[in-house]
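Notes to accompany the following structure.
The values are calculated or read from the model by the stated rules, or taken from the named source; none is laboratory data. Because the structure is a prediction, the values reported are computed rather than measured. Cβ atoms come from the backbone with ideal geometry, glycine included; neighbour counts cover every protein chain shown.
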Amino acid sequence: MSNHASTKSIIKPLWLHVPTSYPHSSVVILDDMSSEASKDLDNLTIKAKLKLKLSLKRLDQPLSLKNIAMTWDHCARETICEYAQLHGGGTFTSKYGGWETCLDS
């Protein structure tokens, strides 16, 4: 087992529903971002989801799986970098290992 698989992610995965009419209709994000945000703004998952919500508003409709995945990856990485900088620097990779690529280029 790789070192990456044994480490629990500090940001929870994003759950999506892909409708049978995809790609003619948008993928639906199943996470309820609004109710979670009011409970714990210090949670890194919540911060990443809020960044995602704002970023997705700028994308063309219908949303593609690739665009959602790339945007989520960017938002999660940005959130982790901000957290690391606020707590004395360092990087996610230096503490938890490297990122695994889930998408083909």
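Just checking, how many residues over the range 57-69 are part of a loop (DSSP other than H, G, I, E, B), surrounded by 11 or more Cβ atoms within 10 Å (Cβ to Cβ) and at pLDDT 90 or above? Lay out the reasoning, then the answer.
Of the range 57-69, the ones part of a loop (DSSP other than H, G, I, E, B) are 57-64.
Restricting the remaining residues to those that are surrounded by 11 or more Cβ atoms within 10 Å (Cβ to Cβ) gives 59, 62-64.
With the extra rule that they be at pLDDT 90 or above, the set shrinks to none.
Of the residues in the range 57-69, 0 are part of a loop (DSSP other than H, G, I, E, B), surrounded by 11 or more Cβ atoms within 10 Å (Cβ to Cβ) and at pLDDT 90 or above.
Can you find even one residue in the range 87-104 that is modelled with pLDDT of 85 or more and of a type in the set (A, V, I, L, M)? Break it down into steps so the answer makes sense when it comes.
Initial filter on the range 87-104 (modelled with pLDDT of 85 or more): none.
Checked against the condition, which is being modelled with pLDDT of 85 or more and of a type in the set (A, V, I, L, M), the range 87-104 yields no hits at all.
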#### Entry: Breaking point among (1) among the small types (Gly, Ala, Ser); (2) out of contact with any helix residue (DSSP H, G or I) (no Cβ under 9 Å at 6 or more places or on another chain); (3) modelled with pLDDT of 90 or more, for Ala76
(2)
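Residues of the range 13-51 being in a loop (DSSP other than H, G, I, E, B) and modelled with pLDDT under 85, which ones?
Just the residues of the range 13-51 that are in a loop (DSSP other than H, G, I, E, B), to begin with: 13-15, 18-27, 30-32, 38-43.
Scanning the range 13-51 gives Ser26, Asp31, Asp32, Ser38, Lys39, Asp40, Leu41, Asp42.
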### Task
Starting from the range 58-79, take each residue that is under 14 Å from Ile29 (Cβ atoms) and free of Cβ contacts under 8 Å to residues at least 24 places away in the same chain and list its partners that are of a type outside the set (Ser, Thr, Tyr) and in a loop (DSSP other than H, G, I, E, B), counting only C-beta distances under 8 angstrom and pairs at least six apart or across chains.
Asn67/Leu59; Thr71/Leu59
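Kindly evaluate Leu54 against the criterion of being more than 20 Å from Pro19 (Cα to Cα), surrounded by fewer than 12 Cβ atoms within 10 Å (Cβ to Cβ) and modelled with pLDDT of 90 or more. Give the derivation first.
Numbers: more than 20 Å from Pro19 (Cα to Cα): yes; surrounded by fewer than 12 Cβ atoms within 10 Å (Cβ to Cβ): yes; modelled with pLDDT of 90 or more: yes.
Judged against the criteria, Leu54 is a match.
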## Note on the structure
(1) at pLDDT below 70; (2) on the phi > 0 side of the Ramachandran plot all hold for Ser6 apart from (2)
